[in-house]
Amino acid sequence: MITVELFVSDESLTTDRKRALAEHILRELTTEPAAPDSVLTKARELTHVLVRTPEVWATGGALAPRYLVRLTVPGSWSNNSEFGDHVIPLITKAIAESETDQDRLTREPHCVIQIIGLREHNLGVLGRKLTATEITKLMTQEYRDSGDHAEAPEGYTVDPVCGMTVELSTARFTLTHDGTDYAFCAPVCRKVFAEEHVVPS
């Protein structure tokens, strides 16, 4: 569950260009070759991208278009440094691709990204509050119910919760259940599996 608020200083940006930029960011955030389509489809449904041009914007330096991105996610996602390592370059690149000079945002500090983590129980959908674990269950339920699980290549395994391919030698989140070793792409997937299989933490 992600909300992206993109503030753009370029007042000449048309509604069509704003829509194209929002759709491009949404597509980039929810495209992952190692993830099943059902999980990505649900992720797209739960991701929102808003593009706005503020009435007033004051900042020093060059007058080139500036971008301020507020990315709001569950706190457990934002507390994982790997999340920022992944998402900040991804969003910067998606925005830069809308510019004539696509390298400008990596040369000049004209795209600021703030990752805001919400405390547990401060996100809701379906008329109720959800934990990060419940959001992950919601995003992955169709995949887990389908039984359609791909085979992993040698040296890899498939996260049993979200279907992501995980390299065994570098897996940081693992668990052994009934004599089988499992690896997970993130701690929340491990937590979902442990809860559903009543594995002591």
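The values are calculated or read from the model by the stated rules, or taken from the named source; none is laboratory data. Since the structure is predicted, the reported quantities are computational estimates derived from the model, not experimental observations. So basically every Cβ, Gly included, is an ideal-geometry build from the backbone, and we count neighbours across all protein chains shown.
Of all residues assigned to the range 120-142, at least one qualifies as being aliphatic (A, V, I, L, M), assigned to a loop (DSSP other than H, G, I, E, B) and more than 15 Å from the chain's Cα centre (by Cα). Does SER81 satisfy the condition of being assigned by TED's automatic domain parsing to the domain that holds VAL112 and over 30 Å from GLU151 (Cα atoms)? Taking the combined requirement at face value, the residue does not satisfy it.
In the range 154-176, is there at least one residue being of a type in the set (Gly, Ala, Ser), touching a helix residue (DSSP H, G or I) at 6+ places or on another chain (Cβ under 9 Å), in contact (Cβ under 8 Å) with a residue 40 or more places away in the chain and not in a helix (DSSP H, G or I)? Yes, that holds for at least one residue. Among the residues of the range 143-153, those identified as outside any helix (DSSP H, G or I) and out of contact with any Gly (no Cβ under 8 Å at 6 or more places or on another chain) are GLY147, ASP148, GLU151, ALA152, PRO153. Determine whether GLU45 is farther than 30 Å from THR170 by Cβ and either modelled with pLDDT under 95 or within 22 Å of the chain's Cα centre (by Cα) (or both). Yes: the conditions hold for GLU45.
The residue that is modelled with the lowest pLDDT, among those in the range 59-75 that are surrounded by 18 or more Cβ atoms within 10 Å (Cβ to Cβ) and more than 12 Å from the chain's Cα centre (by Cα), is PRO65.
Test ILE88 against the criterion of being surrounded by fewer than 19 Cβ atoms within 10 Å (Cβ to Cβ), under 14 Å from the mean Cα position of the chain (by Cα), of a type outside the set (Ser, Thr, Tyr) and assigned to a strand (DSSP E or B), and give yes or no. Criteria not met by ILE88.
Only residues that are over 12 Å from the mean Cα position of the chain (by Cα), at pLDDT 95 or above and among the hydrophobic types (A, V, I, L, M, F, W, C): list them for the range 1-38, please. LEU6, PHE7, VAL8, ALA20, LEU21, ALA22 - these are the residues of the range 1-38 that are over 12 Å from the mean Cα position of the chain (by Cα), at pLDDT 95 or above and among the hydrophobic types (A, V, I, L, M, F, W, C). Quick one: is GLY117 assigned to a strand (DSSP E or B) and touching a Pro at 6+ places or on another chain (Cβ under 9 Å)? Spelling it out, GLY117 is indeed assigned to a strand (DSSP E or B) and touching a Pro at 6+ places or on another chain (Cβ under 9 Å). Pick out the one residue from VAL56, VAL4, VAL39, VAL51 that is out of contact with any strand residue (DSSP E or B) (no Cβ under 6 Å at 6 or more places or on another chain), of a type outside the set (S, T, N, Q) and buried (at least 16 other Cβ atoms within 10 Å of the Cβ). Step by step, each of VAL56, VAL4, VAL39, VAL51 is checked, and only VAL39 is out of contact with any strand residue (DSSP E or B) (no Cβ under 6 Å at 6 or more places or on another chain), of a type outside the set (S, T, N, Q) and buried (at least 16 other Cβ atoms within 10 Å of the Cβ).
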